[in-house]
1. Within region 31-45, count every residue that is assigned to a strand (DSSP E or B) and loosely packed, with under 15 Cβ neighbours inside 10 Å.
2. Could you check, for region 21-30, whether at least one of its residues is at negative phi, surrounded by fewer than 10 Cβ atoms within 10 Å (Cβ to Cβ), not in a helix (DSSP H, G or I) and not aliphatic (A, V, I, L, M)?
3. Only one of Leu20, Leu56 is touching a residue at least 60 places away in the same chain (Cβ under 8 Å) and closer than 11 Å to Ile79 by Cβ; which?
4. State which residue is nearest to Ala3 (Cα to Cα) when the search covers only region 67-76 and only residues that are without any contact (Cβ under 8 Å) to a residue 60 or more places away in the chain and surrounded by 12 or more Cβ atoms within 10 Å (Cβ to Cβ).
5. Which of the residues spanning region 50-66 are open to solvent by less than 40 Å² (accessible area, probe 1.4 Å) and aliphatic (A, V, I, L, M)?
6. Take region 45-77 and flag every residue that is among the acidic types (Asp, Glu) and farther than 17 Å from Tyr17 by Cβ.
Amino acid sequence: MSADATVHLTGVSGRSYSYLAFPITARFKPKPGNVVVVRKEGQAYLPLLVGETDDLAAYAGLPMVRACILHQGATHLCIHGSAVGPELRQAEA
């Protein structure tokens with residue numbers, strides 16, 4: 001499945017990162033990365049939940065992510081793949 005868009009988001013460090021926005025139903029390989037669960041409104045992507053994971057394949061099934069999908073109308077997962085360790089992914093999130 002291909003990405004719907006490239007979204008630029010700013011991390012807590014103040015640095016801007018490029019994320020690929022995929023429909024909430026997309027499936028991923030079990031790789032590490034940063035994830036922003038968003039709701040698309042018009043042309044804007046509104047962040048609902050920001051996190052990092054060692055396994056992008058399992059992330060959408062986590063209870064907190066499922067809650068965003070069910071109760072906050074999440075439409076997309078914005079993915080920034082990363083091979084670095086969790087400390088660096090957390091600094092970016």
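The values are calculated or read from the model by the stated rules, or taken from the named source; none is laboratory data. Keep in mind that this is a model prediction, so the values were computed, not measured. Heads up, the Cβs are rebuilt from the backbone with ideal geometry, glycines too, and the neighbour counts pull from every protein chain shown. Accessible surface areas use protein heavy atoms only, side chains included; no ligands, DNA or RNA. Shrake-Rupley method; radii C 1.70, N 1.55, O 1.52, S 1.80 Å.
1. Our first condition is that a residue be assigned to a strand (DSSP E or B); within region 31-45, this holds for 33-41, 44-45.
Going one step further and asking which of them are loosely packed, with under 15 Cβ neighbours inside 10 Å, we end up with 41, 44.
So the answer is 2.
2. Yes: one or more hits.
3. On the way: Leu56 fails: touching a residue at least 60 places away in the same chain (Cβ under 8 Å).
Result: Leu20 is the single residue among Leu20, Leu56 that is touching a residue at least 60 places away in the same chain (Cβ under 8 Å) and closer than 11 Å to Ile79 by Cβ.
4. Result: Thr75.
5. Result: Leu56, Ala60, Val65.
6. Asp54, Asp55, listed by residue number.
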